[in-house]
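The values are calculated or read from the model by the stated rules, or taken from the named source; none is laboratory data. Predicted, not measured: the structure shown is a model, and the values here were computed from it. Cβ atoms come from the backbone with ideal geometry, glycine included; neighbour counts cover every protein chain shown.
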Ligand SMILES: [Zn+2]
């Protein structure tokens, strides 16, 4: 009799803990919705009563990076009335599907809220979609800086040094942007941000990861709810050529479908403002 009572009590306790955890996630989500504009102003170094005129550039390596890794950010920036641009440094031609992948990228961007006029896809023989290719820092950084200056970009978002999936092309973009930060080739009021790569466990626990992202320090955190998730999923579905079985698992379980966190890449002098 005592054993049965203990078992029932334990079951209640587990249910209570699960409900409390889900409630905590909901609370964090609503807190985030309320504070996200101020967070954006803070990272842009704009006073809380100032106008937010964000002209953001997301720099990716391949068609599908934008929705696999950056969807929460793009969706939240578009919702905040930021002008969002995408610079994709290759056509994703590893399996000779470049033309199709170009079309898929434009459809995906349209779903996420980036019009085709703000999407640039580079097709350069020295920037191949190839994990074994070493992209030149000077070529990659010059493509980024050219876009930044011609479109008066004031926020650049890209991969961090681990590139989320570790792909060499992702890492090369990070190196190029870090190079720009150290040489001062981008305007000082342009904020450079790198997408935080998380470990395997955190990566595949979907929205349940939110409390960890919330608690750990980052300079920008972008979270989407069920509506945003549906849009991110629709964008993923535009990449028909990439929809292998494991992509469906990724859509179901990846935390990057719900949450993005970023760290600042400090510019030489600018870093003094933040630290
Ligand atoms: Zn990629």
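Brief remarks follow.
- Qualifying residue in segment 34-45 (condition: touching a strand residue (DSSP E or B) at 6+ places or on another chain (Cβ under 7 Å) and at pLDDT 90 or above): no
- For segment 109-147, the set of residues classified as assigned to a loop (DSSP other than H, G, I, E, B), buried (at least 20 other Cβ atoms within 10 Å of the Cβ) and away from the ligand (no atom under 16 Å from the Cβ) consists of 114 only.
- Restricting the search to helices (runs of 4 or more DSSP H) fully inside segment 1-103 and requiring at least 3 residues that are within 16 Å of the ligand (Cβ to nearest atom) gives 65-68, 71-79.
- Selection within segment 226-246 - at pLDDT below 95 and either crowded, with 16+ Cβ neighbours inside 10 Å or in contact with a strand residue (DSSP E or B) (Cβ under 7 Å, 6 or more places away or on another chain) (or both): 242
- Among the residues of segment 197-220, those that are closer than 16 Å to residue 252 by Cβ and assigned to a loop (DSSP other than H, G, I, E, B) comprise 204, 205.
- For the residues 192, 208, the requirement of being more than 26 Å from residue 105 (Cα to Cα), surrounded by 14 or more Cβ atoms within 10 Å (Cβ to Cβ), in contact with a helix residue (DSSP H, G or I) (Cβ under 8 Å, 6 or more places away or on another chain) and at pLDDT 95 or above singles out 208.
- For segment 148-166, a residue qualifies if it is within 12 Å of the ligand (Cβ to nearest atom) and surrounded by fewer than 18 Cβ atoms within 10 Å (Cβ to Cβ), and the qualifying residues are 165, 166.
- Tally of residues being touching a strand residue (DSSP E or B) at 6+ places or on another chain (Cβ under 7 Å) and either in contact (Cβ under 8 Å) with a residue 24 or more places away in the chain or closer than 26 Å to residue 132 by Cβ (or both) across segment 90-106: 3
- Of the residues making up segment 53-74, not a single one is within 17 Å of residue 221 (Cβ to Cβ), without any contact (Cβ under 8 Å) to a residue 40 or more places away in the chain and either buried (at least 18 other Cβ atoms within 10 Å of the Cβ) or in contact with a helix residue (DSSP H, G or I) (Cβ under 7 Å, 6 or more places away or on another chain) (or both).
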